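> I have a structure here, written as C-alpha cells, and I will follow up with some questions on it.
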Amino acid sequence: MTVAAQSPAQRRLLTIGAVCRRLKSEFPDISISKIRYLEDQGLLAPRRTQGGYRLFGEDDVERLETILRLQRDEFLPLRVIRQELASPYSKERKRRRPAGLTGDEAEIDLEELCDRAGITVQFARELEEYGLLIPVSRHGEKRYAEGDVDVCAACAGLARFGISARHLRTFRTAADREAALLEQLVAPALRSRNPERRHAGLEDLQALAELAQELAQLLFWRDLRRLASA
C-alpha cells in the first residue's frame with residue numbers, strides 16, 4: 001500500500017526506530033532494545049504488522065513517555081510503574097520533571113498556586129501551617145516555588161481520601177529525616193570552595209537521592225503488599 005493510499009490513522013503510526021528518534025532529545029538513553037524490554041515486561045503493547053513489525057500510535061508514545069519520566073524523575077521500579085499506570089487516578093496526575101539540584105526555580109504567588117493545583121486558599125494555608133508549604137517573602141508578598149504546585153496537588157488527592165493537612169505532615173517529617181541523612185554524607189563537599197569538589201558532591205547527592213528514593217518506594221510497596229494480603 002502506498003503512503004497516499006494509507007488512512008490518516010495509519011500514517012500516524014510510527015516504527016520503533018521512529019519512536020526512538022522522536023524521544024531521543026528528551027531521553028538520550030532511549031534505545032530500541034529498551035523499548036522491546038518494556039514491551040516484554042507488559043508495559044507496552046504496540047500494534048503488529050502481518051510481518052511482525054511493531055507500530056506505535058500516539059497513545060503508545062504517550063504511555064512510553066510517561067514510563068520513562070517516572071523512571072527518570074521519580075526513580076520508580078517497573079513493578080510500581082505498572083501499578084501507577086493501572087491506577088484510575090493516573091490520568092489526573094500531571095507530572096512534571098522536578099527542579100534540579102542547581103539553578104533557580106520559578107516562583108508564583110498564592111493565587112496562581114491555588115489555581116494551578118486546584119485547591120482553595122484555606123487548604124494552602126493549612127499546608128503551610130503544617131510545613132508542607134514553605135513560602136519565601138519577596139517585598140512583603142509570599143512567593144512559592146513552582147514545584148509546590150505538584151506538592152499541593154498530591155496533598156489535595158490524599159485529602160480527598162480523608163487525610164487532613166495535620167496528618168500529611170508525616171510525609172514532610174519523613175522527607176526531612178531522609179534529607180538530613182544525605183546531608184551528613186555530602187555536606188563537607190557542598191561547602192567546599194573547591195569547584196571540582198563541590199561538583200563531585202552534587203553528583204554524589206544526585207546519586208544518593210535516586211538510591212534513597214528507590215529504597216523508600218520498595219519498602220513502601222512491600223508494606224502495602226503485606227497489608228493487602230493480611
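> Provide the solvent-accessible area of ILE108, counting protein heavy atoms only and rolling a 1.4 Å probe, rounded to the nearest 10 Å².
10 Å²
> Filter the chymotrypsin sites (Phe, Trp or Tyr not before Pro) in the stretch 120-175 to those in DSSP coil with at most 14 other Cβ atoms within 10 Å of their Cβ, and list the result.
Sparse-neighbourhood loop chymotrypsin sites (Phe, Trp or Tyr not before Pro): PHE161.
> Can I ask one more? When ligands, DNA and RNA are left out and all protein chains stay put, how many square angstrom of accessible area per residue does the chain have with a 1.4 Å probe?
I get 67 Å² per residue for this part.
> Taking a label point 7 Å from the Cα of GLN122 along the Cα→Cβ vector, which residues of the stretch 147-176 have an amide N closer than 16 Å to it?
It comes to 156, 159-160, 162-166, nothing else.
> Per residue of the stretch 147-162, what does 6.51 cos²θ - 1.76 cosθ + 1.60 with θ = phi - 60° give for ³J(HN,Hα)? Whole Hz please, x for Gly and Pro, Karplus curve as stated.
Values per residue, Gly and Pro as x: x, 5, 4, 5, 4, 5, 5, 5, 4, 5, x, 5, 5, 5, 9, x Hz.
> Are there trypsin sites (Lys or Arg not before Pro) in the stretch 180-230 that DSSP puts in a loop and that have at most 11 other Cβ atoms within 10 Å, and which ones? List each step's numbers first, then the result.
On the way: sites: ARG191, ARG193, ARG197, ARG198, ARG222, ARG225, ARG226; in loops: ARG191, ARG193.
Passing sites in the stretch 180-230 are ARG191, ARG193.
> I would also like to ask the following. Explain nothing, just the number: relative contact order of the chain, from Cα pairs under 8 Å at least 6 residues apart, as a whole percent. Provide the component values of the computation, followed by the final result.
Numbers: 165 pairs, mean separation 31.4, N = 230.
For the chain, the relative contact order is 14 percent.
> Something else about it: Report in % the part of the accessible area of the stretch 180-226 that belongs to carbon and sulfur, leaving out ligands and nucleic acids; probe 1.4 Å.
Here it works out to 56 percent.
> Something else about it: Grab the beta carbon distance between LEU224 and ALA154, set R0 = 22 Å, and tell me the FRET efficiency rounded to 0.05.
Approximately 0.85, to the nearest 0.05.
The values are calculated or read from the model by the stated rules, or taken from the named source; none is laboratory data. The structure presented is a predicted model; accordingly, all values stated were derived computationally and were not measured. With ideal geometry, Cβ positions are generated from the backbone for all residues, glycine too; neighbour counts draw on all protein chains shown. Heavy atoms of the whole protein, side chains included, go into the accessibility calculation; ligands, DNA and RNA do not. Shrake-Rupley method; radii C 1.70, N 1.55, O 1.52, S 1.80 Å.
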